[in-house]
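Q: Sharing a structure below in structure tokens format, with a few things to ask.
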Number of protein chains: 2
Amino acid sequence: MSLLLKRMSVRQFKAKPVADEAITAMLQSAMQAPSARNQQPWEFVVIKRREILDQLSETKGGAKPLKTAPLGILLLMREEVGVPYMRPQDMAAATQNILLEATNLGLGSVWIGVYPREETIEKVKAIITIPKHLIPFSIVAIGHPDHATKVEGLRYDENRVRVIE
Amino acid sequence: MSLLLKRMSVRQFKAKPVADEAITAMLQSAMQAPSARNQQPWEFVVIKRREILDQLSETKGGAKPLKTAPLGILLLMREEVGVPYMRPQDMAAATQNILLEATNLGLGSVWIGVYPREETIEKVKAIITIPKHLIPFSIVAIGHPDHATKVEGLRYDENRVRVIE
């Protein structure tokens, strides 16, 4: 089955750390995402410190998986790039690549949205010092799944497809 | 090598059509993308008609690859969903999944951004009739690559990574 169909959200993790090689592979995949005019508006914070992950887990309801995740990758969006209105799409593609590379490596992960919600952005910035030209965009919680994961059913819905032949 | 590292933009295609099985696989992967609260804000228009692809190729500079592509998939974003400000990120993840499934199938593809540029949105709507509650978001040009494609080098840049241990 295609890797794209295997990805699912995992929200509960074992304490076992994620290997550094796996972290590098996920960052390589993130930076290989396409971006408007190849502007690559991304930077990354790899978070392994339990205390910081715990604090981040309380920034919004959906951030709870960081409570058990041994790893969080925070994606930061640059202010000064060529096609600013396309940045969120570039950042989303990079985030999706991290989720997919995690799946490829047998890890579980879940996408925690930060941008554009001002409240969550400010909470993240209160925990991690972030340079002024960068905006917290998303956090991916990553780890070894706590339970055996069952692949989700296909969401494919042919009613959402129109064909012009 | 990971699928995520193999994807690259292909902008010139052979006339050979894309098999229907491949189109279904790409749509399945698109609809398997994660979305905020699983809101799945997407719909799709599969475009095979040469005349329409030619017209779409003139909507912006970056749309030129549709001139030779035998297939375009137009992604449409729904208005009425649960977490509206997260829709563009959901749509970007679905777009990225189409590019990756194309790569997985040995096809070439390129992401043509439409949203949020009002000018391009209006041009697309002048070519294809789109229900009022849907907004053109992106078009993926897809086909068999015209030239042998050489995998791009890694864009990985360790200066963009900070680690909190």
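Since every read-out is calculated from the coordinates, none of them should be taken as a lab result. Not measured: the values here are computed from a predicted model. Neighbour counts are summed over all protein chains in view; Cβ atoms, including those assigned to glycine, are modelled from backbone coordinates with ideal geometry.
Q: Show which lysines lie in cross-link reach of B:Lys48 when reach means a straight Cα distance below 29 angstrom and same-chain residues fewer than eight apart are skipped.
A: Output for B:Lys48: A:Lys6, B:Lys6, B:Lys14, B:Lys16, B:Lys60, B:Lys64, B:Lys67, B:Lys123, B:Lys125, B:Lys132, B:Lys150.
Q: Could you tell me what % of all Cα pairs in region A:22-121 have separations over 21 Å?
A: Cα-Cα pairs of region A:22-121 separated by over 21 Å account for 34 percent.
Q: I've got another one for you. Provide a whole-number value for the mean count of partner chain Cβ atoms within 10 Å of the Cβ atoms in peptide A:84-91.
A: Partner-chain Cβ atoms within 10 Å, mean over residues of A:84-91: 5.
Q: Between B:Ala102, B:Ala19, B:Ala30, where does the largest GNM mean-square fluctuation fall for chain B, given springs only between Cα atoms within less than 10 Å?
A: Top of the fluctuation ranking is B:Ala19.
Q: Would you please name the trypsin sites (Lys or Arg not before Pro) within region A:1-52 that are DSSP coil residues with at most 14 other C-beta atoms within 10 Å of their C-beta?
A: A:Lys14, A:Arg49
Q: Let me ask another. Considering the rotation that carries chain B onto chain A, locate the chain B residue whose Cβ comes closest to its axis and report the distance in whole Å.
A: B:Ala92, 2
Q: Among rounded, prolate and oblate, which fits the protein assembly as shown when a ≥ b ≥ c are the square roots of the eigenvalues of its C-alpha gyration tensor, a/c under 1.5 means rounded, and a/b larger than b/c means prolate?
A: prolate
Q: Sticking with this structure for a sec: What number, in percent, do you get for the relative contact order of chain A if the mean sequence gap of Cα pairs under 8 Å and at least 6 apart is divided by its residue count?
A: The value is 34 percent.
Q: Between the label point of B:Lys16 and that of the same position in each other copy, find the distances and list them shortest first in nm, with every label point placed 7 Å from Cα along the Cα-to-C-beta direction.
A: 4.2
Q: If you don't mind, there's one more thing I want to ask. Tell me which GluC sites (Glu not before Pro) from region A:43-105 have a DSSP coil assignment and no more than 13 other beta carbons within 10 Å of their own.
A: Answer in residue order: A:Glu58, A:Glu79, A:Glu80.
Q: Here is a further query. Against the globular-protein guess of 2.2 N^0.38 Å, express the Cα radius of gyration of region A:99-156 as a ratio, rounded to two decimals.
A: 1.46
Q: Helix-only estimate, please: 222 nm mean residue ellipticity of chain B, summing -39500 (n - 2.57) across DSSP H runs of length 4 or more and dividing by its residues, to the nearest 500.
A: Using -39500 (n - 2.57) per qualifying helix, the result is -9000 deg cm²/dmol.
Q: Also, I was wondering about something else. What is the list of residues in region B:50-71 whose amide nitrogen lies under 16 Å from a point 7 angstrom out from the Cα of A:Gln39, following Cα to Cβ?
A: It comes to B:61-62, nothing else.
Q: Can you list, shortest first in nanometers, how far A:Glu80 lies from the same residue in the other copies, with each label 7 Å from Cα toward Cβ?
A: Once sorted, the set of distances for A:Glu80 reads 4.5 nm.
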